[in-house]
Amino acid sequence: QVQLVESGGGLVQAGGSLRLSCAASGLTFSRYAMGWFRQAPGKEREFVAGISRSDSSTYYADSVKGRFTISRDNAKNTVFLQMNSLKPEDMAVYYCAADLAVVPKTSPSAMDYWGKGTLVTVSS
């Protein structure tokens, strides 16, 4: 049974930082490209960042470029999202997702597995 478990969300002031983690089990982690998505209240789920299965390529939504960094540790079956200079508009539930592919897709419907999400709240 595949499980993706996110952690690290919480309340932070605007301008602050958080580091999200996603621990994967039940799959061969190194065969999956990984992505972070987010969903704010009343909005559709959107792509935030992705990383290829070999860790050689990363991808970001324009809204987070230069502020967020995605990374992975294949030895620990974990993917991370370092979020700096957080803004109130970054507030959302953040989801980790796995894609059986070399590079991650940006469409939520194309991902194979999902975590349950972790809430990030940014106060202004």
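The values are calculated or read from the model by the stated rules, or taken from the named source; none is laboratory data. Model, not experiment: these values are computed from the prediction. Note that each Cβ is placed from the backbone with ideal geometry, even for glycine, and that neighbours are counted across all protein chains shown. In case anyone asks, the SASA skips ligands and DNA or RNA and just uses the protein heavy atoms, side chains included. Shrake-Rupley method; radii C 1.70, N 1.55, O 1.52, S 1.80 Å.
Taking P88, P108, P41 as the candidate residues, the one with maximal mean-square fluctuation in a Gaussian network model of the chain, Cα springs under 10 Å, is P41. Rg over Rh for segment 65-124 works out to 0.98, using Cα positions for both radii and the Kirkwood form for Rh. Taking label points 7 Å from Cα along the Cα-to-Cβ direction, K116 and S7 give a separation of 1.4 nm. Of the residues V93, V102, ranked by 1.4 Å probe accessible area with the largest first, the sequence reads V102, V93. K105 contributes an accessible area of around 90 Å² to the protein surface, as traced by a 1.4 Å probe with all chains present. A straight chain from S85 to D62 at 0.36 nm per residue would run longer than the Cα-Cα distance by 6.8 nm.
The heavy atoms of T118 offer some 20 square angstrom of accessible surface to a 1.4 angstrom probe. From a point 7 Å beyond the Cα of S109 in the direction of its Cβ, which residues of segment 31-51 have a backbone N at a distance under 15 Å? So the set is 44-47.
Just the Cα atoms of the chain, one point each, no solvent: what log10 I(q)/I(0) does Debye give at q = 0.18, 0.20 Å⁻¹? For the chain at q = 0.18, 0.20 Å⁻¹, log10 I(q)/I(0) is -0.86, -1.06. Mean sequence separation of contacting Cα pairs (under 8 Å, at least six apart), scaled by the length of the chain, corresponds to a relative contact order of 36 percent.
Each label point was placed 7 Å from the Cα along the Cα-to-Cβ direction; for A75 and R31 their separation is 2.3 nm. This model, with +1 at the C-beta of Lys and Arg and -1 at the C-beta of Asp and Glu, gives the chain a dipole about its Cα centre of some 100 debye.
Computed in the context of the full set of protein chains, the accessible area of the chain at 1.4 Å probe radius has 47% of its extent on carbon or sulfur. Calculated accessible area for segment 17-96 comes out at 47 Å² per residue, all protein chains present (probe 1.4 Å; ligands, DNA, RNA ignored).
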